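This report refers to the structure that appears directly beneath it.
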Amino acid sequence: MRQLQILSILIGSYLTRRVGIRNMKTLRLIMILCALFATMQAHAGAKKSPTLSIRLHGEGSSTDGPSFSSEVQLHNPPVKIFMRNVPVTSERDITAFHPFPGNDGQAGAYFRLDAHGANKLHQFSVEEKGRTAIILINGRVAANMKISEAVKDGILYVPGGIQREEILLLQKQFPLIGNESEFGKKPRRQAKQVPEQ
């Protein structure tokens, strides 16, 4: 914050001396805009948004209205159902994942959720037992499944529908389950072996 104050003072003095702006209201407006711009730049570089979206949605109803649910085409079985627009969990709740060969020729995955996501998943699986859960990856219906029991372990199971390119993006975005402490670390360089003579 101190840097923004210094920046606005410098810009203000520059504008009064060099450009010749004498109107204090105009000067204040320019200084506020400069401070706002600097704040937006600082926030823009703070955290990058995820590169892949993974959303769990619940089954909706045609009576919910277009603001609350949308009609989607499922693949297995091939039917159209209504899906709630607001996701239960998202990629922001994921802490790690484990890919496996899916039931549809593509990949499936287990996603470990943080405490918030695990709580939401448990609550959803208890309340919506017997209904359909829909997994969207980058807005595409990747998988759907019937909720048969409560999920207590915080693991979101996606049986298939994940493409190879998406698995590669997931590997850059999340650690593998069990290897969380190693994620993002550079591999250690091994010392060169000097051959004996």
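Coordinate-derived values only; no laboratory data. None of the values given here were measured: they were computed from a predicted structure. Here the Cβ is made from the backbone with ideal geometry for all residues, glycine too, and neighbour counts use every protein chain on show.
Can you give the relative contact order of the stretch 54-178 as a percent, counting alpha carbon pairs under 8 Å and 6+ residues apart?
Working: 263 pairs, mean separation 35.6, N = 125.
About 28 percent, as a whole number.
Check which residues have an amide H placed less than 5 Å from Thr95's amide H, if you skip close sequence neighbours.
Placed amide hydrogens put Arg112, Leu113, Asp114 under 5 Å from Thr95.
For Gln173 and Ser53 in the same chain, what is the full-extension length gain: residue separation times 0.36 nm, less their Cα-Cα distance, in nm?
Details: separation 120, 0.36 × 120 = 43.20 nm, distance 1.07 nm.
In short, 42.1 nm is gained.
Say R0 is 35 Å: what FRET efficiency, to the nearest 0.05, do Glu180 and Ser70 get from their beta-carbon distance?
0.50
Quick check on my link table: of Lys129/Lys172; Lys120/Lys146; Lys80/Lys129; Lys120/Lys172, which ones sit more than 27 Å apart, alpha carbon to alpha carbon?
Cα-Cα > 27 Å for Lys129/Lys172; rest within.
Average the reciprocal distances over every distinct pair of alpha-carbons in the stretch 40-177, invert the result, and give the Kirkwood radius in Å. Display every interim value, and only then the final one.
Working: mean 1/r = 0.0642 Å⁻¹.
For the stretch 40-177, inverting the mean 1/r across all distinct Cα pairs yields 15.6 Å.
If we count every other residue with Cβ under 10 angstrom of Glu59's Cβ, Lys/Arg +1 and Asp/Glu -1, where does the sum land? Could the numbers behind the result be given before it?
Working: positive: Arg84, Arg131, Lys146; negative: Glu128.
Spelling it out: positives minus negatives among the neighbours equals +2.
Using the Karplus equation 6.51 cos²θ - 1.76 cosθ + 1.60 (θ = phi - 60°), what ³J(HN,Hα) coupling, rounded to whole Hz, does each residue of the stretch 143-157 give in order, writing x for Gly and Pro?
These are the phi-based 3J(HN,Hα) values: 7, 9, 7, 7, 7, 9, 8, 5, 9, 9, 9, x, 10, 8, 9 Hz.
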